[in-house]
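Notes follow the structure.
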Amino acid sequence: MNAQNQTNRRDFLRSSLIGGAAALAARWHVTSACARVIAPQAAQVTGHVALTAGEDRADLAFKGLMTFQKSIAKAIGKKQVVIKPNNVAIDNQLSASHAQNLEGILEFLKTIGKTNIVIAESAANGPTLEGFANYGYDRLASKYGAKLVDLDQAGFEIVQCFDETDIQPHACRMSKVLLDPNRFIISAAKMKTHDRVVTTLSLKNIVVGAPIKDAGFRWDSKSKPGARNDKPLTHGNGFRGINYNLYALAGRLHPHLSVIDGFEGMEGEGPVGGTPVPHKVCVVSQDWLAADRVAVELMGIDFRKVGYLNYCGRAGLGESDLARIEVIGPMLSDHIKAYKLAANIDEQLVWREKLKKV
C-alpha cells in the first residue's frame, strides 16, 4: 500500500461512522492475502476488478474502491457524481441497495475530495423518496451532504425500446440524469438472481432504473387513473426482448463505476421474491462488464446463460472474457457460492434459440 493510500485510510478511520479508531485499526488492516493479485497467465489483461471479502459491508465497498483510487478520481474530474442504488422495491431491504454499502461509497468519495453527490433512483413499485426513507438514505444524505433525487421528477428524454411481439421500436421516457454525459454514474448494485434475465447486476440496475413513471403510478389499486410507467417498455414483452434492450441501451445507459454488493445476495425468485445468500463479498470495477462477469462467476452461474451480457461482450462494450480480467484481492475460486436460479430458468433461455419460421 502506498503512502497516499495509508494517509487516506487513517483519515477515514478518524472520521468513520462504524466505530472507534482502536476497534477499527485491526479491521481495516490490509493483509498480504487481501492484497494479492490473481492475474491470468495466458491472455492479455484488458479488464481490472477488485474483489473484497469480509464481515463489514461498508468496509468491503470502501476497500474495493481504494484499489482504483487515483484512476477513479481522474475519471470523475469535475463531473457531478450520481450514485444509483437498486431499489426495485421500496419496502423490501433484501431486494434493495443497503445503506451501509452506500456509506462505503460515500466515505470513499469523501476521501478523494468529491462533493456535489446525488443519490438518485426511480423505484419500481412506489414513491422513490419513501423508499429512501425506509432504507435510511436520509441519514446518509445528511451526514455526507448528498442530495436525494427522485428521477421521476428530474426530467426525461425519449429513447426507443424494442418490443418482440411486434418487432417495432417504442418511445420510452428515460431519465435525463442517467443519460447526461456530464455526470459520473456509479451503479450501487446487488447480487441477485432474476426471473427474466438470470441475474441482475450493475448494468441492469442502470438501464431498467432509467425509465420513469408518473408520480401517481403504483402497481396496486392505489395507482391514479391514467398514470403511466415506462419501465415495462425496457422488458421488451419477452425474454428475447429484454435481453436485446439491455444490450441495445447499454451504449448510452451504463455505469462509469460498478460497486456490486454481495454481502447478502438474493437467490431464487429474484429480483424481489428471492431468499438471502450470506456471501460477504463486494466487486468493484470501472469496467462494468468485467464487474458483472466476475459477479456472475461468484454466483456460480454459467455465464453462457446470461443473454444480455453475452451480447455486450460480443459487441466489445467491456471485457467479458474471464481469462482477460485481472482480479485484485483474494482468490476468486475461494468465494464462489452457487446461487439457486429462478424456477423458470429454462423458459428464460429461449434467447439462445433460433426463431422458428412462420
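The values are calculated or read from the model by the stated rules, or taken from the named source; none is laboratory data. Computed from a prediction, not measured in an experiment: that's the story for all the values here. Positions of Cβ are generated from backbone atoms using ideal geometry, with glycine treated the same way; all protein chains shown enter the neighbour counts.
Return the total of residues in region 293-314 being under 22 Å from residue 347 (Cβ atoms), assigned to a helix (DSSP H, G or I) and charged (D, E, K, R).
Selection size over region 293-314: 2.
From the set of residues in region 110-119 that are surrounded by fewer than 24 Cβ atoms within 10 Å (Cβ to Cβ) and at negative phi, which is modelled with the lowest pLDDT?
Among them, the one singled out is 115.
Could you list, ordered by first residue, the pairs with Cβ atoms under 9 Å in which the first is in region 66-84 and under 25 Å from residue 209 (Cβ atoms) and the second is of a type in the set (Ser, Thr, Tyr), at least 6 apart or interchain?
As it stands, the answer is 68/285; 81/115; 83/97; 83/187; 84/97; 84/187, since those pairs meet every condition given.
Identify all residues within region 171-182 that are part of a strand (DSSP E or B) and either surrounded by 18 or more Cβ atoms within 10 Å (Cβ to Cβ) or outside the structural domain of residue 213 (by TED's automatic domain parsing) (or both); write none if there are none.
Across region 171-182, the qualifying residues are 172, 173, 174, 175.
Is it the case that some residue within region 172-183 is of a type in the set (Asp, Glu) and modelled with pLDDT under 95?
no
Is there a residue in region 323-344 that is assigned to a strand (DSSP E or B), of a type in the set (Gly, Ala, Ser) and crowded, with 22+ Cβ neighbours inside 10 Å?
Step one: of region 323-344, the residues assigned to a strand (DSSP E or B) are 325-328.
If we keep only those that are of a type in the set (Gly, Ala, Ser) too, we end up with none.
Within region 323-344 (the criterion being assigned to a strand (DSSP E or B), of a type in the set (Gly, Ala, Ser) and crowded, with 22+ Cβ neighbours inside 10 Å), the answer is no, since none of the residues qualifies.
Name the residues in region 307-331 that are of a type in the set (A, V, I, L, M) and under 16 Å from the mean Cα position of the chain (by Cα), would you?
From region 307-331, those of a type in the set (A, V, I, L, M) are 309, 315, 317, 322-323, 325, 327-328, 331; that's our starting set.
Within region 307-331, 309 is the sole residue that qualifies.
Please state which of the following conditions residue 124 fails to meet, knowing it meets all the rest: (1) under 22 Å from residue 180 (Cα atoms); (2) at pLDDT 95 or above; (3) surrounded by 18 or more Cβ atoms within 10 Å (Cβ to Cβ).
Exception for residue 124: condition (2).
Of the conditions (1) surrounded by fewer than 24 Cβ atoms within 10 Å (Cβ to Cβ); (2) in contact with a helix residue (DSSP H, G or I) (Cβ under 9 Å, 6 or more places away or on another chain), residue 232 fails just one. Which one is it?
Just one mismatch for residue 232, condition (2).
Yes or no: residue 232 of a type outside the set (Asp, Glu) and not in a helix (DSSP H, G or I)?
Details: of a type outside the set (Asp, Glu): yes; not in a helix (DSSP H, G or I): no.
No: the conditions fail for residue 232.
In the set 320, 333, 285, which member is small (Gly, Ala, Ser), in the same structural domain as residue 90 (by TED's automatic domain parsing) and closer than 21 Å to residue 57 by Cβ?
Going through 320, 333, 285 in turn, the sole match is 285.
Quick check on this structure: which one of 339, 308 is of a type in the set (Phe, Trp, Tyr) and either touching a Ser or Thr at 6+ places or on another chain (Cβ under 6 Å) or over 28 Å from residue 81 (Cβ atoms) (or both)?
Among 339, 308, only 339 is of a type in the set (Phe, Trp, Tyr) and either touching a Ser or Thr at 6+ places or on another chain (Cβ under 6 Å) or over 28 Å from residue 81 (Cβ atoms) (or both).
Return a yes/no flag: does region 184-198 have any residue that is assigned to a strand (DSSP E or B), over 30 Å from residue 338 (Cα atoms) and touching a residue at least 12 places away in the same chain (Cβ under 8 Å).
Yes, region 184-198 has at least one match.
Kindly indicate whether residue 350 is modelled with pLDDT of 95 or more, surrounded by 18 or more Cβ atoms within 10 Å (Cβ to Cβ) and not in a loop (DSSP other than H, G, I, E, B).
no
Among the residues of region 117-126, is there at least one that is within 23 Å of residue 199 (Cα to Cα), in the same structural domain as residue 179 (by TED's automatic domain parsing) and over 17 Å from the mean Cα position of the chain (by Cα)?
yes
Spot the failing condition for residue 280; the list is (1) within 19 Å of residue 62 (Cα to Cα); (2) surrounded by fewer than 19 Cβ atoms within 10 Å (Cβ to Cβ); (3) out of contact with any helix residue (DSSP H, G or I) (no Cβ under 9 Å at 6 or more places or on another chain), and only one is missed.
For residue 280, the exception is condition (3).
For region 158-170, state whether one or more residues are farther than 30 Å from residue 269 by Cα, assigned by TED's automatic domain parsing to the domain that holds residue 227 and out of contact with any helix residue (DSSP H, G or I) (no Cβ under 8 Å at 6 or more places or on another chain).
Checked region 158-170: at least one residue is farther than 30 Å from residue 269 by Cα, assigned by TED's automatic domain parsing to the domain that holds residue 227 and out of contact with any helix residue (DSSP H, G or I) (no Cβ under 8 Å at 6 or more places or on another chain).
Looking at residue 296, is it farther than 21 Å from residue 179 by Cβ and buried (at least 18 other Cβ atoms within 10 Å of the Cβ)?
When the stated conditions are applied, residue 296 passes them.
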